[in-house]
Structure formats: structure tokens, C-alpha cells
Amino acid sequence: MSSRKARPADLPEVVLMERECPTAPQWSLAQLERDLASERCRLLVLEDAGRLCGFAALLVVLPEAELTSIVVRHGDQGRGLGQALLGRVRREAASLGCGKLSLEVSAANAAALRFYESAGFKAVGRRPKYYGDGSDAVLMDLAL
Ligand SMILES: CC(C)(COP(=O)(O)OP(=O)(O)OC[C@H]1O[C@@H](n2cnc3c(N)ncnc32)[C@H](O)[C@@H]1OP(=O)(O)O)[C@@H](O)C(=O)NCCC(=O)NCCS
């Protein structure tokens, strides 16, 4: 298993991976292509035996970075791959000079909340009824 920066050829597979996970952001190919070309974004992928199994996106606004997406392929979840990918995200953000990683997650996404808490993120705020399904957004931070 290894992580690396995303390449244009990865993006159609990333779209499919997000489609299989309804709680992922569901970005379009065009949006991912724009982000890949953006100076402010870092897109990372996780590969296992040459097969894409995870994706994460960072928006870097020094001295902070926002984790705007993290997804592990549906059939590969619960095997520690998310934790490995988050480790890579943390190293990437720290190497860019970020002192803090922030994110927002739906209060209805219990698995993701547990995942972030187990990685050390702390809830620092809440936006009521933020998402289309009426769920709150939980704002979380991690010091790097
Ligand atoms: C959230 C996500 C990235 C976690 O990746 P993962 O590879 O499944 O997680 P890991 O196997 O690395 O789990 C690490 C820890 O997270 C927690 N966790 C992960 N999945 C969980 C679940 N379904 N229920 C409860 N806790 C969970 C556990 O504490 C786990 O540690 P443990 O196995 O020692 O108990 C993955 O489930 C996913 O892609 N979900 C769909 C997309 C999404 O909702 N992304 C977040 C919003 S953008």
C-alpha cells in the first residue's frame, strides 16, 4: 500500500469511488480537474497492489489546511486504509507549513465522526441544519 499525489488519469476512478459512498462529497470530474490544477489544493490517492483504494483532498490556506474530502473504496473500508491515508494527509499539510488541519462533517455520519475522533480531531463548533438532508455540520480541528 502506498500514497502519492493524484494524477489526471486517476480522477475518473475517484469520481466512481465517491459515487459508491453517498457520504463522500460527490465532486464532478470537472471540479476534481480544477482542484488538481489549483495551487491551493493537494489531491492524494492511496494505492494497494496497483489499484486505487483511497482519495483525500486538502485546501491549503496557510497557516491552516482544510481536509475537504477523504474516502476509502467501499469494499476496502474498516481495514486501516483511512488511517494510513490520513497519516499521509497530515504529513503533507505539515510539510507545507500548516499548523492546523480543519474539516466539517455531517453529524449524521457516525462512522466518519468516530474515524476523525480516533485520529485526534476535536469538535470545535457546529452549523445547525447545514446539509441538504437537514443534518448539522460538525467543525473539527487537529493541531499538527
Ligand atoms: C471515513 C472513512 C474514510 C474511514 O476510512 P476506513 O478505512 O474505513 O477507516 P479505518 O479502517 O482506517 O478506521 C480507523 C478508525 O476509524 C473508526 N471507524 C472507521 N470506520 C468506522 C465505522 N464504520 N464505525 C465506527 N468507527 C469507525 C474506528 O475508530 C477505526 O479504528 P479501529 O478500527 O481501531 O476501531 C471511510 O469509512 C469512508 O470512506 N467513508 C465514506 C466517505 C466519507 O463519509 N468520508 C468522510 C466525509 S468526507
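A short reminder: the numbers here are calculations on the coordinates, not readings from a lab. Just so you know, these numbers come straight off a predicted model, no measurement behind them. Neighbour counts run over all protein chains shown; Cβ positions are idealised from the backbone, glycine included.
Between residue 136 and residue 31, the modelled label-to-label distance comes to 2.4 nm, taking each label 7 Å out from Cα in the direction of the beta carbon.
Given R0 = 30 Å, the distance between the Cβ atoms of residue 77 and residue 39 translates into a calculated FRET efficiency of 0.45. Per residue of the chain, the DSSP helices (runs of n ≥ 4 H) give a summed -39500 (n - 2.57) that works out to -8500 deg cm²/dmol at 222 nm. Listed by chain and number, the lysines whose C-alpha is less than 21 Å from the C-alpha of residue 5, apart from same-chain residues fewer than 8 away, are 100. What the Cβ-Cβ distance of residue 143 and residue 16 gives, at R0 = 30 Å and to the nearest 0.05, is a FRET efficiency of 0.30. Working from Cα pairs under 8 Å separated by at least six residues, relative contact order for the chain is 18 percent. Computed over neighbours whose Cβ is under 14 Å from that of residue 93, the net charge equals +3, Lys and Arg +1, Asp and Glu -1.
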